[in-house]
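Below is one structure, written out as structure tokens, with a few remarks after it.
The values are calculated or read from the model by the stated rules, or taken from the named source; none is laboratory data. These figures come from a predicted structure and were not determined experimentally. A quick note on method: Cβ atoms are made from the backbone with ideal geometry, for glycine too, and the neighbour counts reach across all protein chains shown. To get the accessible areas, we keep the full protein, side chains included, count just its heavy atoms, and leave off ligands, DNA and RNA. Shrake-Rupley method; radii C 1.70, N 1.55, O 1.52, S 1.80 Å.
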Amino acid sequence: MKAYKLRTERLYSPLGIDERTPLLSWLDEGEGFQKGYRVECYNNSDLIWSHVEDTSRMNVPYDGPSLNSRDIIRWRVSLRDDKEWGEWSDFSSFEMGLLKKDDWKAKWIRGDYKSKKNVTHAVDYFIKEIDVKNGIKKARLYATACGVYKAYINGSEVSDFYMAPGHTDYRKRVYYQTYDVASFLKEENNTITVEVADGWYRGSCGAWGLKDQYGVETKFILQLEVENEKGEMETFVSDSSWSWSNDGSIREADNKDGEVVDANLIPSYSNKAKETDYPICPIASNSLKVLKKEEFTPRKIKTPNGDSLFDFGQNIAGIIELDFTAKGGEELVITCGELLDKDGNLTLKNIQCSNKKKTTPLQRIKYKAKKGRNKWSMSFSVFGFQYASVMGDIELKENEIKAVAVYSDLERTGWFESSNELLDKFVEATVWSTKGNSLDIPTDCPTRERHGWPGDARLFYN
């Protein structure tokens, strides 16, 4: 008998946790049943905790010496059945994050402008040049935002987490992420860039697209800690020395109404960021990353009203990606939806709330092309859709547009197959419903509310 799939706080080898007595769990393989276990935990090469117990218990709380910020703990498990102890499992690990408020040397920063209420804003772009000397042994980036963010080092995105830092009640908590960025850095000249959009903090929420629910001033905080080959630590932080502008390509970004993009624009970074504050100290993220998952190529059809309609064959929560060549300046309007009306035209009436003043969600992309290849992906929005209606100056081909499902990195553990085709389709529909309603938290639907709605999830899992 051997333990496998070792997890800490239900996560595989998490970086940057702040639970001081984390729960350790595993699965077992082989014959027999677990009658006992023994756990060993190491800090570097030092054995710091060993525990043996005669039980089939799981979710064992770590009970070794107090854990400190940045500690890296390696641990393994051996299991006993009715007869004997099995071999040791492979090592797993967990790394502690920034456990104390004083660990944060960085400042919250924002763009140098006065935020307007009840509007959709352009994305804020920030940049900082740093020098790293004497080699790079280890590097950790700690970051979060009031809003949603993307962070880059030397042009490469540091994580595949889509819509980071995820959704929370910003009045009570703000989650930060920890990234291993040693492979992104080089000695001496490095460039860090960060993009910040409205997200749930300032963007549309709820059926009627309430804006500014948590605040009107988006901001972010970032701390990069680099250990060099001499064992010395260099710390680089967000502060007023960063440059900023909001004149880049993403002119508007709303998590449910969509994005307005001019691919001809690049940020000038012509202004300085402003330091600000937030009354809540960030805490470590405790959830799964939201990732881009399955990709879908469409079937193109012409609708009765003359629009080019792309059918992706599956209703998803996800994003649109484009890859086409243009002369420059051409404009496209892409509207995404779940249903066709009785005439065969795309309709959003099944998901929209509308009155004389407002209609939401729009699920719409306005894209102005640059000259040459336009390889583009949505950055700060998620739509619920199967169809995309495309209008504009370019007739897109089927291989120039695709849909990508976006949801939390759930691990599927069960499958079902029967002799009844309809029953099998029903089961698969429930799987896709779970995927589409798992955007960091259980949601009511991937189109309207975008807020937590655990009632549906509880009913489903019961």
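Some values worked out for this structure:
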| quantity | calculated |
| --- | --- |
| Solvent-accessible heavy-atom area per residue, rounded to whole Å², over region 386-440 at 1.4 Å | 59 Å² |
| Additional length obtainable on full extension of the chain from R373 to L423, 0.36 nm per residue less Cα span | 13.5 nm |
| Theoretical FRET efficiency, 1/(1+(r/R0)^6), r = Cβ-Cβ of N189 and E398, R0 60 Å, to 0.05 | 0.90 |
| Difference of contour (0.36 nm per residue) and Cα-Cα distance, E330 to T413 | 25.3 nm |
| Tilt relative to the chain, helix 421-436 - C-alpha long axis, 0 to 90 degrees, to 10 | 80 degrees |
| Distance histogram for the chain (every C-alpha pair counted, 10 angstrom bins, percent rounded to whole numbers) | 4, 18, 26, 25, 17, 8, 2, 0 |
| Solvent accessible area, Å² - Y37, 1.4 Å probe, full protein context | 0 Å² |
| Region 1-50 - percent relative contact order, Cα under 8 Å, separation 6 or more | 34 percent |
| S69 versus W85: modelled label distance in nm, points set 7 Å from Cα along the beta carbon direction | 3.8 nm |
| The chain, helix-only ellipticity at 222 nm - DSSP H runs n ≥ 4, -39,500 (n - 2.57), divided by all residues, nearest 500 | -1500 deg cm²/dmol |
| Whichever lysines have a C-alpha closer than 16 Å to that of K272, once near sequence neighbours (fewer than 8 apart) are set aside | K107, K114, K128, K219 |
| Contact order normalised by residue count of the chain, Cα under 8 Å, 6+ apart, percent | 14 percent |
| Which listed pairs, of K292/K375; K289/K435; K211/K349, have C-alpha distances above 19 Å, in listed order | K211/K349 |
| D307-L339 pseudo-label distance in nm [points 7 Å out on the Cα-to-Cβ vector] | 1.5 nm |
| Exposure ranking of F236, F380 by accessible area [1.4 Å probe, largest first] | F236, F380 |
| Accessible area (Å², per residue) of region 29-100, counting only protein heavy atoms and a probe of 1.4 Å | 55 Å² |
| Percent RCO, i.e. relative contact order, over region 112-175, from Cα pairs under 8 Å lying at least 6 residues apart | 24 percent |
| Computed magnitude of the charge dipole of region 300-340 (debye, nearest 20; Cβ of K, R +1, Cβ of D, E -1) | 140 debye |
| Accessible area in the full protein assembly, largest first, 1.4 Å probe, for Y12, Y4 | Y12, Y4 |
| Sequence-distant lysines (8 or more away, or on other chains) whose Cα lies within less than 22 Å of K370 | K327, K397, K402 |
